[in-house]
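Below is one structure, written out as structure tokens; comments come after it.
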Amino acid sequence: MLYALVPISSLLISNAFLLLGHGLLLTLLPIAASESGFSDTQVALTGSAYFLGFVSGCIATPYMLKRVGHIRSFAVLATCYSVVILIFPLLPEFYTWMLLRFIIGIVISGLYMIIESWLNGTSNSNNRGSILSIYTTLNLVMVMCGQQLFNLGSAQESMLFSLAAIFISIAIIPVSLTRSAAPAVVHQVKLNMFKVWRHSHIALIGAVVAGLVTGAFWSLAPIYAKDNSFDSSQLGAFLSATVLGGACFQLPLGRISDRFDRRTVLMFMALAGSAVSLLFVGLPYIVTTFGGWAASISAFFWGGTCMTLYAICLAHANDNATSEDFVEISSAMLITLGLSSAIGAPLASLAMGLLGAKGLYAFTSGCLIIFFIIVFLRRGSHVLPSNLETKESFRAVTDMAGPAAYEMDPRTENDLTQEKD
């Protein structure tokens, strides 16, 4: 396995620095927007712009790769990212920040696709699954590290923006100096929602719910923490605990869903996620009674149930799919996740306007309860594989990736081989 990592070491190093800066920005931007006088709704709309940009980048990036190749595309997009970051503290205006966050969505989506397609091109059927797991783990770890960097400064100063831009700029160096051959151009993202719906109603609905919940979290959780008087270290611990929970629970829950009906697992995840969300509704009382560590522990379990929801839904969608359909279905699921994430943030901000900061988790609890009811009522409407041996094995995935990551999944190997032939 070590020999397989040597040719892609520069890509993984670039990815690490990229996610370090990106993770810092995910925490910094909502707090900086709030302290610049943005309302919760405006903060949410800037988050929506990011997710819309992400979806747009999934569609547009292959055209750039066809024109100038992977290395130039990576350098251009990373440079644009660094420049955009430095503009934020100079122009703290709502419409400007919406545009800048939309651009960031396009850029980070493109950077994901470049790295993922490169990793896919240098891997084979013997190591592709391991490389995908390493890539997924690296993404989550570096985002958590980036969130901890928020402790180094204030959101009202430009230092943290400059630090994020530095890390993004450093990410250009390893890729630009790599001797690894550039891969073939990635395929254009195909959208076929009807195919996903035909394979599994529950999976597509689950992707929508996962997008609503996680989109609201990434856009507004820092505001929730700020409104509950978290200091910088508590804020970093709170957000990192959520991501860590998603990382730790994904594989165990995935393996459980391999052994049992995935719909039953999704029901229990939705119910548990809703219950933990209600804990955050009463967070001031919990913190007063048990101390600040209770918030991080609750966040860990919230991440374990909510951040893994999309991965289980994706596995369920592919249970009855052939290898030829896998990338197309997965890409459609990811686009669905992105679009619903763009909707989730402003809807959650409306709940926060009515209920205060606790409205964020009241919103996520409501979404998850509705999903629980839908799965419960529709369990008999979709035929499962008749034999567990034919059921697709779970593969860990994260929403911090692009469509090209699905081509790295070993389940697509037959399809890729046929295309090469």
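Quick one: is LEU52 in a helix (DSSP H, G or I) and under 19 Å from the mean Cα position of the chain (by Cα)? Against the criterion (in a helix (DSSP H, G or I) and under 19 Å from the mean Cα position of the chain (by Cα)), LEU52 qualifies. Quick one: would you say GLY146 is surrounded by fewer than 16 Cβ atoms within 10 Å (Cβ to Cβ), in contact (Cβ under 8 Å) with a residue 40 or more places away in the chain and of a type outside the set (Ser, Thr, Tyr)? No; evaluated as a whole, the condition is false for this residue. When every residue of the range 180-201 is checked against the conditions, none turns out to be modelled with pLDDT of 85 or more and in a helix (DSSP H, G or I). Residues considered: ALA60, ALA49. Of these, the only one that is touching a Lys or Arg at 6+ places or on another chain (Cβ under 7 Å) and either in contact (Cβ under 8 Å) with a residue 60 or more places away in the chain or closer than 29 Å to LEU347 by Cβ (or both) is ALA49. Against the numbered list (1) of a type in the set (S, T, N, Q); (2) over 23 Å from GLN42 (Cα atoms); (3) part of a loop (DSSP other than H, G, I, E, B), SER154 comes up short only at (2).
Filter the range 124-167 down to the residues that are among the β-branched types (Val, Ile, Thr) and either closer than 11 Å to GLY23 by Cβ or at pLDDT below 90 (or both) and list them by number.
Scanning the range 124-167 gives ILE131, ILE134, THR136, THR137, VAL141, VAL143.
Just so you know, in the range 245-284 the residues that are at pLDDT 85 or above and among the hydroxyl-bearing types (Ser, Thr, Tyr) include one that is farthest from ILE297 (Cα to Cα), and it is THR264. Restricted to the range 168-179, and to residues there that are more than 14 Å from TYR112 (Cα to Cα), crowded, with 17+ Cβ neighbours inside 10 Å and of a type outside the set (Gly, Ala, Ser), the residue that is modelled with the highest pLDDT is ILE170.
The values are calculated or read from the model by the stated rules, or taken from the named source; none is laboratory data. Nothing here was measured: the structure is a model prediction, and the numbers come from that model. So basically every Cβ, Gly included, is an ideal-geometry build from the backbone, and we count neighbours across all protein chains shown.
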